[in-house]
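Step one of this worksheet: look at the structure below.
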Amino acid sequence: MPTKLAAGNWKMNGIAANLAEAEALATALPAPGCEVLICPPATLIDRLSTVLAGSPIATGGQDCHAAAKGAHTGDTSAVMLKDAGATYVILGHSERRTDHDETDADVAAKSEAAWAEDLIAVICVGETEAERDAGDALSVVATQLAGSIPEAATAANTVIAYEPVWAIGTGRVPTTEQIAEVHNDMRRILSDRFGAEGAEMSLLYGGSVKAGNAAEIFGVTNVDGALVGGASLKAADFQPIVEALAAS
Ligand code: 13P
């Protein structure tokens, strides 16, 4: 069975005062019943991992550079994320693909860099609304999977997150049929390419996941968890999502 993972992506939100939310979550869920991950902004990774030490909640980055070090002003390497206490890193989020023109090849190179430091890569894919309207959702996701995941991917070093761009931060969620269609296709593609490793890889859904829709989404075949944005910022919002996953 793929590992169940509830992952929070704080995006560019959070200062030191917000660490209390992660602490509250760790206190409320001493044995969550699934993997739990919080990916704060880079400035908080070190402090968050310290706050969460000894708890079952992991800390992750939101991006890394493909190089280990060098003249790349403003960037953060996988070496640095690991040094700060991260064990996961989100890669190829649609906001980075849009804001920073990241390509599938960039995401693949970053994944290799993450694995070199034993970080688990959470590789994100997902179609825009225009692509879905054109009937291209499955082919867009297939192309992103083919280009963004390096050959050495395993169920232990890689998690895939399907995040339709039009569902991120909008309150619009695909139907369970639409989620199932994409997730079943991703499973087929990953199993064809990676065999047993592809069959075991965790597949997360992301985009407007809330306490009120989490259980329904976790009931969809081949959904092994969620990548949660806004609803991961407050312990009171994220806790019921984690509990819904553990109960699924
Ligand atoms: P929201 O949960 O805020 O829609 O964000 C989803 C997302 O982009 C997580 O990476």
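Among the residues of segment 187-242, which ones are aromatic (Phe, Trp, Tyr), closer than 17 Å to residue 4 by Cβ and free of Cβ contacts under 8 Å to residues at least 60 places away in the same chain? Give the steps one after another, and end with the answer.
The initial filter retains those residues of segment 187-242 that are aromatic (Phe, Trp, Tyr), namely 194, 205, 218, 238.
Retained after the next criterion (residues that are closer than 17 Å to residue 4 by Cβ): 205, 218, 238.
205, 218, listed by residue number.
In segment 21-72, the qualifying residues are those that are closer than 23 Å to residue 114 by Cβ and of a type in the set (Ser, Thr, Tyr), and the one that is surrounded by the most Cβ atoms within 10 Å (Cβ to Cβ) is 59. Restricting attention to segment 7-25 and to residues that are farther than 18 Å from residue 87 by Cα and among the small types (Gly, Ala, Ser), the residue that is farthest from the ligand (Cβ to nearest atom) turns out to be 16.
Out of the residues in segment 167-177 meeting the condition of being polar (S, T, N, Q) and in contact (Cβ under 8 Å) with a residue 24 or more places away in the chain, tell me which one is nearest to the ligand (Cβ to nearest atom). Before you say what the answer is, go through the steps one by one.
Residues of segment 167-177 that are polar (S, T, N, Q), as a first pass: 170, 175-176.
Narrowing further to those that are in contact (Cβ under 8 Å) with a residue 24 or more places away in the chain: 170, 176.
Numbers: 170: 7, 176: 17 Å.
The selected residue is 170.
Looking at residue 176 and the list (1) closer than 23 Å to residue 19 by Cβ; (2) surrounded by 15 or more Cβ atoms within 10 Å (Cβ to Cβ), which single condition is not satisfied? Condition (1) is where residue 176 drops out.
Would you mind stating whether residue 86 is farther than 20 Å from residue 247 by Cα, under 16 Å from the mean Cα position of the chain (by Cα) and surrounded by 17 or more Cβ atoms within 10 Å (Cβ to Cβ)? Spell out the reasoning first.
Numbers: farther than 20 Å from residue 247 by Cα: yes; under 16 Å from the mean Cα position of the chain (by Cα): yes; surrounded by 17 or more Cβ atoms within 10 Å (Cβ to Cβ): yes.
Criteria met by residue 86.
Looking across segment 89-120, the residues that are hydroxyl-bearing (Ser, Thr, Tyr) and either surrounded by 15 or more Cβ atoms within 10 Å (Cβ to Cβ) or closer than 16 Å to residue 11 by Cβ (or both) come down to 94, 98, 111.
Values quoted throughout were computed directly from the atomic coordinates according to the rules given, and no laboratory measurement underlies them. Since this is a predicted model, take the numbers as computed values, not measurements. For neighbour counting, all protein chains shown are included, and Cβ atoms are generated from backbone atoms with ideal geometry for every residue, glycine included.
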